[in-house]
Amino acid sequence: MDIQSASSVVLQALTQATSQDTAVLKPAEEQLRQWETQPGFYSVLLSIFNNHLLDVNVRWLAVLYFKNGIDRYWRRVAPHALSEEEKSSLRAGLITNFNEPVNQIATQIAVLIAKVARLDCPRQWPELIPILLESVKVQDSLQQHRALLTFYHVTKTLASKRLATDRRLFQDLASSIYSFACSLWNHHTDTFLQQIYTGDQQASLSSLERTLLSLKGTHTHTQPGFLSAVFERLKQFLECCRQFGPGSLCREKLEKTIILFTKVLLDFLEYHPCPFIPLIQCSLEFAVSYVFTEAGEGVVFERFIVQCMNLIKMIVKNDAYKPAKNIEDSKPESLEAHKIKTAFFTHQTLTEIGRRLTLIYPNIDKYFLLTEEELTICETFLLFLDIFHNYSQTLTPVLLEMVQNLQGPSNVEDPVQMLMKDAVYNAVGLAAYELFDNVDFDQWFKNQLLGELQVSHNRYKLIRRRVIWLIGQWISVKFKPELRPLLYEVILSLMQDPDLVVTLPVDDFEFRTEQFLPYLESIFGLLFQLLQQVNECDTKMQVLHVISCVIERVSIQIRPYVGCLVQYLPVLWKQSEEHNMLRCAILTTLIHLVQGLGAESKNLYPFLLPVIQLISKSVSDSENVRTCFQIINAYIYLSATDFLQNYAEALCRSFYELLRDITTEGQVQVLKPLLPAVLRGIVEGERYPVVMSTYLGVTGRILLQNSGFFTSLLTQMAVEYNQEADQLLGSMIEMWVDRMDNITQPERRKLSALALTSLLPSDNSVIQDKFCGIINICVEALHDVMTEDPETATFKDCMLMSHFEEPKLTDDEEPPTEQDKRRKLLALEDPVHSVSLQQFVYEKLKAQQMLMGDQGFQALMETVDTEVVRQLQEFIHSM
């Protein structure tokens, strides 16, 4: 495609492809799709999106087509791959200048440069990083920003590469540019602070954006020396927050930068705990100071509080900072970290943190705005649990003293006292397991909590609800069975209060059916009465949830009492026509009701069957298909031969019809018995990645385990397509290699490698022509499944399973069902789990060598990239 002559027609097609008129849009998209494989097409796209005089939408579309082309055609092994000459020209054109005026387009260009860098840098593109480093030094603010943006995306992408050789290259690169990146960050940070102090807000915003980008550029290769400066910078930025009110643009950018600072700290702590040890002291001082003292007033915000709490929590919980049970076995760095933590968490510090964490709920407005309240409360309670678990000897007396100070009913006229009791009871509930030996919960229940539940004042509702929740936390930890009837009686007396009923922790209650049965009729009757009385949709849903849990726990014992509910549910269903969530709650209740009624549920059929029919028509098709397949799978696991002999043909016809009408997700469920449709989808280039992944998985399974059937089917399809079978096979392999990235699960990637390798040995010219792509897939899959044994320095296939082991279960875990066992036994026969990919590839290549002779085989191997060959040899020679 000649650039000069083609520019106008490509520009016209792109312009038409931005049209809202489908009659104009569709032909333009089809034309652009045909040009994707034409030499010179991407050079034309480059010239179009670099022309700032053209329409923004057209330029945006040109960038997207260019970016998609990188994914499909940039690799040397890809079908219709770009020539090395064109790629060289494109690489040069991408970094000629960094002056894109439109932010969104600039970001997309930076991303596509990073995509090319992932494939070509530094070997084929050694000049990229030096040019970026020079470009961020220029005085022009736009060029500097765009170069920084590109630098960030490139370093982020290079850091994500997984192969050992690539990671070594990135480490070498990172070492060479790290000091420059840090100095760049310091420069922009100092500039920003100077502009803030002089009141130049507009200029400071621009500098802050560069500070953020340069910090992102150092994030992927942070070193401990850099982090020591982060705390001072954080304090400076937090102080700057005082100058800007919430909601201002500068405050928003400041908060983003502060959060990135904390993310750098947290990431380094997570991945490099030992080098972080010198930073433990200043990290704890910083986080505790801003969250638990007055230092943070007026500057802290929700996400910052969460990050600080995470920082404390990760230091407290980190296994690398804990000595071994036998001190002599401890590593020196673990002892050093433990010493620092012990010195910091003094009795006074822990007491203050414990009190503030316990009472944070009454001070909710002081600590955070309500926009992220739930997240912050969650992190607060998690930190409370971690601190309490690790320092329970210090904190238990503190919490028990707070409980003792709140004995007796609280003054309903004192809201602070009420909130304090709510918070303390909450802490006792969260720490139930830690307080097991220190709290006589049975006595506390009888002497204190029972009385709290009997206070009928409306303002005491907060405490009554908290006490019910607290009992739910302790009932499985330490609560005598003989006290349960007393608890049921109290609950019965409180059933008139809808707000209390909806907070009953029925999921946590350990029902003992024989103790609960005397109260079942009364409680169930009151629940049903309450269900009829309440008007709010959410309240009805909560009451239905409690009813469902009761039915589930007592099972068939519910039968004498559900007549009224069976009559009412059809009425409620009709009333809830506009409330989908309420109907979901009714369906959940129906499920438990049918399970409890067993054969007697036939009385529900006049209502139940129309509901099922309605659901079948109204809910997503893929959900119905998934349910059907779960049933079919259960029968296959039970007796595959008998079931398939009777129903396979009818099922295949039904599934084939389904493919025409259902969604992409639904198609995934029905593809497995429909190989003709599967092969057609592969050859024609199915565009949905999830569906294509399933197509390839099904085809791989058939090709590997029933090659004769696959060959006959290919011959049959060749007639339909009016092609030679070999030509169709070549198209299929080509598409398989091209779409391998659609397959994300390691099991399926190994399956693809096994399947394509099973085509060898072969003297078929089509298969030999696709040999390079097959080997590429094999090497990719070997990287996915092979793990190195450090003792023997050999690789082994981590997917292999030699026998079925009964899992070791904790007391809370359910034992595997018979269907689970059948599924695992079937997996042992799966080639993915029974065949070593490393051995399989070696044997197939050896057979191909014997078929062709040494000279012919060597010529075939020369079609494969030398780096891929080297990696393949590493895997094979390590056997």
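The values are calculated or read from the model by the stated rules, or taken from the named source; none is laboratory data. Because the structure is a prediction, the values reported are computed rather than measured. We place every Cβ from the backbone using ideal geometry, glycine too, and count neighbours over all the protein chains shown. The area values use the complete protein model at the heavy-atom level, side chains included, leaving out ligands, DNA and RNA. Shrake-Rupley method; radii C 1.70, N 1.55, O 1.52, S 1.80 Å.
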Flag if SER47 is over 21 Å from ALA78 (Cα atoms) and open to solvent by less than 70 Å² (accessible area, probe 1.4 Å): yes
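For the stretch 344-358, enumerate the residues that are in contact (Cβ under 8 Å) with a residue 40 or more places away in the chain and not hydroxyl-bearing (Ser, Thr, Tyr).
Listed by number, the residues that qualify are PHE344, PHE345, HIS347, LEU350, GLU352, ILE353, GLY354, ARG355, ARG356, LEU357.
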Only listed residue being open to solvent by 10 Å² or more (accessible area, probe 1.4 Å), over 30 Å from GLU577 (Cβ atoms) and modelled with pLDDT under 90, chosen from LEU520, LEU526, LEU504, LEU486: LEU486
Does VAL299 meet the test of being open to solvent by less than 60 Å² (accessible area, probe 1.4 Å), farther than 30 Å from ARG466 by Cα and modelled with pLDDT under 95? yes
Hey, does the stretch 139-158 have a residue that's modelled with pLDDT under 90, surrounded by fewer than 16 Cβ atoms within 10 Å (Cβ to Cβ) and over 23 Å from TRP185 (Cβ atoms)? no
Which number in (1) open to solvent by 20 Å² or more (accessible area, probe 1.4 Å); (2) touching an Asp or Glu at 6+ places or on another chain (Cβ under 7 Å); (3) over 23 Å from THR346 (Cβ atoms) marks the one condition that LYS313 misses? (3)
Which condition breaks for VAL24 when tested against (1) free of Cβ contacts under 8 Å to residues at least 12 places away in the same chain; (2) open to solvent by 60 Å² or more (accessible area, probe 1.4 Å); (3) over 34 Å from the mean Cα position of the chain (by Cα)? (2)
Mind counting the residues in the stretch 316-339 that are part of a helix (DSSP H, G or I) and open to solvent by less than 30 Å² (accessible area, probe 1.4 Å)? 5
Which number in (1) of a type outside the set (Gly, Ala, Ser); (2) farther than 17 Å from SER392 by Cα; (3) open to solvent by 50 Å² or more (accessible area, probe 1.4 Å) marks the one condition that ASP422 misses? (3)
Failed item in (1) closer than 23 Å to HIS457 by Cβ; (2) charged (D, E, K, R); (3) open to solvent by 60 Å² or more (accessible area, probe 1.4 Å), with GLU401 passing the rest: (1)
Tally the residues that are open to solvent by less than 30 Å² (accessible area, probe 1.4 Å) and within 27 Å of GLU84 (Cβ to Cβ), restricting the search to the stretch 106-126. 10
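Suppose we filter the stretch 270-302 for residues that are under 19 Å from ALA320 (Cα atoms) and in contact with a Leu (Cβ under 7 Å, 6 or more places away or on another chain); how many remain?
3
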